[in-house]
Amino acid sequence: MKKRLFNWIWILAFGFVMISCTEGEDMEPDDNQQLTNDLNFPFTLSGDESRYVMEIDGVEVSNYAEILNTLNTDKSISVNMWGPSNDFNFAGFNWIPLGNGTYEAGHDLGPGNGTFGNNLFMMGFVKKEGTKYYAYSAHDYGFLEEERIPESSATVKIITFDGKQTTYNFMNGTFSQFIGTVEGQFAGTFKTKDGKEVKVTKGQFRIVQKLPPGAEEIE
């Protein structure tokens, strides 16, 4: 309950300047490429509680999961995962293409907002014992060559994508947020710049985001 309350407060604060709602572009999935990580495990999450579960070097971690507002809601979603002690910045994947499909870290989504004319590249990160490990790049947008992490990898499979970026009126304000349900699986080898690595296996998330009670969608 506390996480949900914090999440709504964060959304309201972040969304006070409305992000315009546009239809997402169809992004080409990577289903025909050689996958670098094993996603052959059952998906087990259900219900309306947004959460994730994964194993980091064989140790299971589970907590709250959400979709963040970004400047690139027209072509991607960014999944954030809370960690132990309510660590907001514990794990996540930036720039997952919209829609069902299997994608590798480093997937090129083309030019993005906030990139100074550069392209967006899907990347991921996870923490272990306070150290941050990356898949593909240590750069949030992925385009800086010097931030690339050799021999790191991550595979994300979106198995349910039902929703869209939605603009709505709520408590005398206008907001924009992804409303819907997204389910996915993931795994990878995440590394630091100096070559330390962790193995993430059996990762899955289910995110259910609904309009707040009393909100009115703007068509």
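The values are calculated or read from the model by the stated rules, or taken from the named source; none is laboratory data. Since this is a predicted model, take the numbers as computed values, not measurements. Note that we place each Cβ from the backbone using ideal geometry, even for glycine, and neighbour counts take in every protein chain shown. Heavy atoms of the whole protein, side chains included, go into the accessibility calculation; ligands, DNA and RNA do not. Shrake-Rupley method; radii C 1.70, N 1.55, O 1.52, S 1.80 Å.
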Near pairs, Cβ below 8 angstrom, 6+ apart or cross-chain, from region 62-86 (closer than 18 Å to Leu109 by Cβ) to any residue that is assigned to a helix (DSSP H, G or I) and of a type in the set (Val, Ile, Thr): Asn69/Ile11
Residue among Pro212, Pro111 that alone is out of contact with any Lys or Arg (no Cβ under 9 Å at 6 or more places or on another chain) and without any contact (Cβ under 8 Å) to a residue 12 or more places away in the chain: Pro111
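If I ask for residues that are under 14 Å from Ala187 (Cβ atoms) and without any contact (Cβ under 8 Å) to a residue 40 or more places away in the chain, which ones from region 38-59 would you list? Give the steps one after another, and end with the answer.
At the first step, the residues of region 38-59 found to be under 14 Å from Ala187 (Cβ atoms) are 38-43, 52-58.
Of everything in region 38-59, those that are under 14 Å from Ala187 (Cβ atoms) and without any contact (Cβ under 8 Å) to a residue 40 or more places away in the chain turn out to be Asn40, Pro42.
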Region 141-180: number of residues that are touching a Phe, Trp or Tyr at 6+ places or on another chain (Cβ under 9 Å) and within 20 Å of Gly110 (Cβ to Cβ): 10
Where Met54 falls short, out of the listed (1) part of a loop (DSSP other than H, G, I, E, B); (2) over 12 Å from the mean Cα position of the chain (by Cα): (1)
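Yes or no: region 160-167 includes at least one residue that is in contact with a Pro (Cβ under 7 Å, 6 or more places away or on another chain) and small (Gly, Ala, Ser).
Taking region 160-167 and keeping what is in contact with a Pro (Cβ under 7 Å, 6 or more places away or on another chain), we get none.
The answer is no, given that none of the residues of region 160-167 is in contact with a Pro (Cβ under 7 Å, 6 or more places away or on another chain) and small (Gly, Ala, Ser).
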Residues satisfying the stated conditions in region 180-207, i.e. buried (at least 20 other Cβ atoms within 10 Å of the Cβ) and either under 15 Å from the mean Cα position of the chain (by Cα) or not in a strand (DSSP E or B) (or both): Val182, Gly184, Gln185, Phe186, Ala187, Gly188, Gly203, Gln204, Phe205, Arg206, Ile207
For Glu66: the one exception among (1) surrounded by 22 or more Cβ atoms within 10 Å (Cβ to Cβ); (2) modelled with pLDDT under 95: (2)
Residue in region 71-85 that is charged (D, E, K, R) and either open to solvent by less than 10 Å² (accessible area, probe 1.4 Å) or farther than 24 Å from Glu197 by Cβ (or both) present: yes
Residue selected from region 119-138 under the condition touching a strand residue (DSSP E or B) at 6+ places or on another chain (Cβ under 9 Å) and surrounded by fewer than 18 Cβ atoms within 10 Å (Cβ to Cβ), by the criterion farthest from Asp194 (Cα to Cα): Asn119
Any hit, region 103-120, residues being modelled with pLDDT under 95 and of a type in the set (S, T, N, Q): no
